[in-house]
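The values are calculated or read from the model by the stated rules, or taken from the named source; none is laboratory data. All figures in this text were calculated on a predicted structure; none of them were measured in a lab. So basically every Cβ, Gly included, is an ideal-geometry build from the backbone, and we count neighbours across all protein chains shown. We work out accessible area using only protein heavy atoms, side chains counted, and drop any ligands, DNA or RNA first. Shrake-Rupley method; radii C 1.70, N 1.55, O 1.52, S 1.80 Å.
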Amino acid sequence: MAELRVDGLSKRFGAAVALDGVDLAIRDGAFVALLGPSGCGKTTFLRLLAGLEAPSAGTIRIGGVDVTRLPPERRGLGMMFQSYALFPHMTVAGNLRFPLRMRALGDRAAQEAKVREALRLVRLEGLEERHPRQLSGGQQQRVALARALVADPPVLLLDEPLSNLDAQLRKDMQVELMELHRKIGLTTILVTHDQDEALSLADFVVLMRAGRIEQAGPPREIYARPATAFAARFLGAANLVPVVVRGDLAEVEGAGHVPVEAAQDGPRQLVLRQEDLALRDATRAGEASLPARVVAIAFHGPGLRVVVEAGPHRLDVLAPPDLALRPGDAALLCWQPGKALLL
Amino acid sequence: MVGGTPPVARVLAAALCVVVALFMLVPLAVVVASSFSASEFLVFPPRGWSLRWYAEIFSSRAYVDAAWFSLRLATVVTLLSVALGAAAAIAITRHAVPGSEALTGFFLSPLVVPTILLGVGLLMASSRLAGGPGFWTLVAGHVVVTLPYVVRTVAAVLARADRSVEEAARTMGAPWWRRYWHVVLPQARPGIAAGAFFAFNVSFDEAVVALFLRAPGTETLPLLIYSKLEFSPDPSVAAAATLMILMTALLMVALDRAIGLEKVAA
């Protein structure tokens with residue numbers, strides 16, 4: 001286990017900048033998610049940490065040691081690949097023994113014991129002699145995880161580890177990854193494009209965009225207080241409405257005036273999360289509201305996703321399944337001013 | 001199926017397949033049938049049936065020597081072209097060798113250069129550099145002809161292999177030589193087996209380069225068959241050819257058992 005620190009880390013591929021001067025300190029035992037859309041540099045970041053790419057500038061320190069120039073085979077990290085990258089010609093036990101053999105960790109008996117322990121950790125006991133092609137996708141995923149853990153690396157790197165699983169299995173594995181991290185407390189860095197996965201798994205989320213860190217912090221904090229319009233949209237599926245603030249009132253162009261919490265005057269963006277909005281006939285005490293019209297309603301399991309128009313603005317609303325409105329109906333779009341952010 | 005192939009076209013396609021298959025199989029059938037002939041002369045259809053020509057070739061010094069020579073030649077050629085061809089294919093696909101596309105083209109060029117040209121060139125070069133024709137000159141000539149098959153099959157398999165498997169081995173602490181041994185070579189194995197199969201068959205069957213580069217007094221099996229046909233055509237020629245077909249078929253079965261032909265076909 002070790003803390004990890006990068007300073008001014010950059011990677012250019014020809015003229016393209018994949019990572020642009022990133023500074024980040026990760027404490028020992030943290031579970032960090034590198035989150036962002038494809039092409040934001042999160043995978044390049046992970047590959048730089050692993051040593052699979054050489055940085056154009058900057059340093060990487062693991063446990064206080066500068067590893068920037070160290071090749072991957074000498075960094076001693078555990079890495080799990082999106083494709084799992086299992087050795088198809090080796091058994092499960094052979095796959096798990098590989099890192100122990102390469103690093104000459106212990107004698108044969110000690111290695112066998114480590115392999116058994118790692119398989120027990122991912123609940124795959126008894127599959128030692130199977131080949132990867134004889135396993136289901138979920139089992140292969142666990143073998144890959146066990147192989148990344150078996151040599152007790154100081155840092156565990158996970159590259160989109162759950163993206164090849166179906167929805168139910170992915171939820172199960174999220175829980176297992178959390179439990180695993182709680183049990184062994186290994187410094188873990190997860191790359192994902194799924195904000196839900198990042199927010200639920202990690203204790204520290206690094207949101208990336210165009211090779212830079214857009215915002216970083218604990219999941220609750222980053223979700224509650226997005227610093228930019230990009231962060232608000234990517235993390236919370238939030239609506240952004242352009243407004244002009246004057247004192248404690250904001251003018252929503254073409255739709256009306258709403259009360260806001262104290263902010264500087266001038267043109268701003270009002271951030272309204274889907275789950276903070278409600279559609280009603282009348283406002284409740286202290287609520288802000290705008291007259292709106294229902295455009296479309298989509299059923300999605302736990303509730304309804306309703307698209308409404310307030311003046312020229314389109315907004316998404318998460319509504320309870322018993323909503324009595326139909327497309328074309330008029331309603332009041334209501335929210336507590338304290339829940340709305342101004343950017 | 002909606003908008004599928006009309007029945008007439010399907011019947012025509014099936015008929016075409018049958019015609020092509022017959023076209024390919026008839027020469028083989030003629031040779032195999034003639035080899036069981038009781039007659040003194042190579043004629044088709046054969047008159048009478050016997051195994052005497054098989055007995056004949058196994059007791060003939062010329063046939064046994066030529067077969068033994070061809071077998072040794074093809075074995076050495078196969079080992080050399082697999083070693084060189086696999087190394088070249090790994091270099092081309094796994095490292096950004098400068099001009100690797102041009103190199104690929106270069107390695108495949110013996111496939112399109114007329115072998116007679118190769119034969120003349122190799123003869124002249126070997127006379128200057130290596131003291132003229134001989135076993136090793138012939139090996140060198142055959143390796144030039146067989147190398148493209150190995151490069152092609154190994155490079156094709158490696159190009160499709162998952163690169164992250166090798167990267168995973170790196171992160172697990174494997175230095176380059178252990179990655180080659182434990183990851184790249186196992187990945188390349190179907191290509192190596194297929195390349196070896198082609199190299200062996202091409203060398204065993206090759207007559208043009210052998211004609212130029214053999215030492216005086218040595219015969220390869222194809223050359224012996226050719227000279228027999230020219231000067232004293234009897235069914236022993238067909239018997240020898242039938243045994244060559246049998247050997248190829250057995251090698252194919254072995255290849256299928258070892259790695260599966262469907263992996264090689266691509």
Cα gyration tensor of chain B, axes a ≥ b ≥ c as square roots of the eigenvalues: rounded (a/c below 1.5), prolate (a/b > b/c) or oblate? oblate
Between chains B and A, total accessible area buried, probe 1.4 Å, no ligands or nucleic acids, nearest 100 Å², roughly 1700
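Summarise the long-distance tail of P(r) for the protein assembly as shown by giving the % of C-alpha pairs beyond 49 Å. Kindly include the intermediate steps, with their values, before the conclusion.
Values: 75158 of 185136 pairs.
Everything past 49 Å amounts to 41 percent.
List the residue ranges in chain B for DSSP H helices whose C-alpha atoms run 30 angstrom or more along the long axis and whose Kyte-Doolittle average is 0.0 or above.
On the way: long enough: B:7-35 (42 Å, 2.32); B:61-94 (48 Å, 1.24); B:135-160 (37 Å, 1.40); B:236-259 (35 Å, 1.85).
Qualifying helices, which must be both long enough and hydrophobic enough, are B:7-35, B:61-94, B:135-160, B:236-259.
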For the protein assembly as shown, percent of DSSP beta bridges that are antiparallel (nearest 5) comes out at 80
Name the lysines eligible as straight-distance cross-link partners of A:Lys11: C-alpha to C-alpha under 22 Å, and not fewer than 8 places from it in the same chain. A:Lys42
For A:25-31, B:46-52, A:247-253, A:210-216, ranked highest to lowest by mean beta-carbon neighbours within 10 Å, the order is A:210-216, A:25-31, A:247-253, B:46-52
Excluding ligands, DNA and RNA, the carbon-plus-sulfur percentage of the accessible area of segment A:133-227 with a 1.4 Å probe reads 46
Mind grabbing the accessible area of A:Met102 for me, 1.4 Å probe, Å², rounded to tens? 20
Helix A:137-149: inclination vs chain A longest Cα principal axis, degrees, rounded to 10, gives 60
Most positive-pole-ward Cα, B:Thr115, B:Leu79, B:Gly134, against dipole of segment B:76-227 from beta carbon charges: B:Leu79
About the Cα centre, charge dipole magnitude for the protein assembly as shown (Lys/Arg +1, Asp/Glu -1 at Cβ), debye: 1100
Pair A:His300, A:Arg246: separation of 7 Å Cα→Cβ label points (nm): 3.7
Of all accessible heavy-atom area on segment A:249-289, the percent that carbon and sulfur account for (1.4 Å): 45
Most positive-pole-ward Cα, A:Ala231, A:Val241, A:Val252, against dipole of segment A:184-271 from beta carbon charges: A:Ala231
Averaged across the residues of A:316-329, what count of C-beta atoms belonging to other chains lies within 10 Å of each residue's C-beta? 0
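So for segment B:126-266, averaging the separation of alpha carbon pairs under 8 Å that are six or more residues apart and normalising by length, what relative contact order in percent results? Display every interim value, and only then the final one.
Values: 104 pairs, mean separation 44.1, N = 141.
Once normalised by length, the contact order is 31 percent.
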Charged-residue dipole, Cβ positions (Lys, Arg, Asp, Glu), segment B:60-259 about Cα centre, Debye nearest 20: 560
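About the Cα centre of chain A, how large is the charge dipole given +1 on each Lys and Arg Cβ and -1 on each Asp and Glu Cβ? Please answer in debye to the nearest 20.
Details: 41 positive and 40 negative charges, 209 e Å.
That gives chain A a dipole magnitude of about 1000 debye.
Can you pull the mean other chain C-beta count within 10 Å for peptide A:72-84?
Numbers: counts 8, 10, 3, 3, 3, 3, 2, 6, 2, 6, 1, 5, 4.
If you average over the peptide's residues, the count of other-chain Cβ atoms is 4.
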Can you give me the C-alpha center-to-center distance between segment B:41-98 and segment B:147-214, rounded to a whole angstrom? 20
Expressed as a whole-number percentage, the relative contact order of chain B with C-alpha contacts under 8 angstrom and at least six residues apart is 29
Kindly tabulate the residues in segment A:147-171 with an accessible-area decrease of at least 20 Å² between the chain alone and the assembly of all protein chains, using a probe of 1.4 Å. A:Arg147
With DNA, RNA and ligands ignored, accessible area of B:His142 (1.4 Å probe; Å², nearest 10): 0
For a quick check: with amide H placed at 1.01 Å from N, whose amide H comes under 5 Å from A:Val295's, ignoring anything fewer than 5 positions away on the same chain? A:Val307, A:Val308, A:Glu309, A:Gly328
Convert each backbone phi in segment B:212-217 into a coupling constant with the Karplus relation 6.51 cos²θ - 1.76 cosθ + 1.60 (shift: θ = phi - 60°), then list the ³J(HN,Hα) values in order as whole Hz, x for Gly and Pro. 7, 9, 5, 6, x, x
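Evaluate the relative contact order of chain A (contact order divided by residue number), counting alpha-carbon pairs under 8 angstrom at least 6 apart; express in whole percent.
Working: 714 pairs, mean separation 54.9, N = 343.
That works out to 16 percent.
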Using a 7 Å offset from the Cα along the Cα-to-Cβ direction at both A:His131 and A:Asp23, what is the distance between the two label points in nm, to one decimal? 5.2
Please work out the average accessible area per residue across the protein assembly as shown, using the 1.4 Å probe convention, and give it in Å². 50
Leaving out ligands, DNA and RNA, what percent of the accessible area of segment B:193-263 is carbon and sulfur, probe 1.4 Å? 70
